[in-house]
1. Give the peptides 86-94, 156-164 in descending order of average Cβ contacts within 10 Å, highest first.
2. Calculate the tail of P(r) for the range 32-115: the fraction of all Cα-Cα distances greater than 14 Å, expressed in %.
3. For the chain, I need the span (max minus min coordinate) of the C-alpha atoms along each principal axis, in Å, sorted largest to smallest.
4. Just name one of Thr46, Ala169, Tyr8: the one whose Cα is farthest towards the positive end of the charge dipole of the chain (beta-carbon charges, Lys/Arg +1, Asp/Glu -1).
5. Grab the alpha carbons of the range 34-79, take their convex hull, and tell me the volume per residue in Å³.
6. Tell me the carbon and sulfur percent of the accessible area for the chain, rounded to whole percent, probe radius 1.4 Å.
7. So how long is each side of the range 1-66 along the principal axes, counting just the alpha-carbon atoms, biggest first, in Å?
8. Suppose all protein chains stay in the model; what accessible area per residue would a 1.4 Å probe give for the chain, in Å²?
Amino acid sequence: GNLNVGRYALGNFGIPSAGHAIDGNTHPVGAPDTASNSHESYDGSTWTSLSNTPFKVTFYASSGIDTAGIGAGGGQPAGSYQSSAHTWGGSSWTTITSVPGGGYEAGNMFGTQTANIFYGAGTPGGYPGNAFTGDGSSWTSGPNLPGSGYYGCVCTGSQTSAISIGGAAPPSDKVRMLDGSTWTTSPAVPLDVPNGSGNGVGSQDLAVYGQATSVV
């Protein structure tokens, strides 16, 4: 089923039969930015509008399950670098400690509400490989990724077994694997494109990667 509020660059978490779509941009490409605070849940066939989120951001990094989600970062208005973070408890949102190290325009996140990693975000100086480990209330620096340019990549997995694919700054086919403390380089994907399809699907050793295309 279609979303009730059409948007892109939104956050999402959950599974196909119990998922959530939060915030995002509602404007046509090229028009002034209009961030949404719409929050919808999915039961496998239908989207249902919930109470709006208490924040409006685009490119919101998020992960978790239906009753225990987490999100951080984002950028609104355009060009801004947000660092606030929130958790979803099944009926309401709670503000938690902001991601350290400055504001972020966009980022990626994988794991659960209480065991996750946030990375790939933008800073005024670029897109470094900085990562932050979260426990649902606070953040610890690392494990950082090698190199830079992970904005717009796809990721999935857990704190001890994850995969990162691609990136949009610049467009990349790189693949990185996390073993819990160290990221290593793996064989690249066949194509490099500006953005993947949002959060990845599966686990480190059984993942699906979708590549986005531009529509004019």
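The values are calculated or read from the model by the stated rules, or taken from the named source; none is laboratory data. Predicted model only: the values in this text are computed from it and were never measured. As a convention, Cβ positions derive from the backbone with ideal geometry for all residues, glycine included, and neighbour counts pool all protein chains shown. These accessible areas exclude ligands, DNA and RNA; they are computed on the full protein's heavy atoms, side chains included. Shrake-Rupley method; radii C 1.70, N 1.55, O 1.52, S 1.80 Å.
1. Numbers: 86-94: 15.3, 156-164: 20.2.
Packing proxy ranking, top to bottom: 156-164, 86-94.
2. Values: 2241 of 3486 pairs.
Pairs farther apart than 14 Å: 64 percent.
3. The Cα atoms of the chain stretch 41, 40, 34 Å along the principal axes, largest first.
4. My answer, from the dipole projection, is Ala169.
5. For the range 34-79, the hull spanned by Cα atoms encloses 92 Å³ per residue.
6. 54 percent
7. Sorted from largest, the Cα extents of the range 1-66 read 34, 22, 19 Å.
8. On the way: 9670 Å² over 216 residues.
Dividing the accessible area of the chain by its residue count gives 45 Å².
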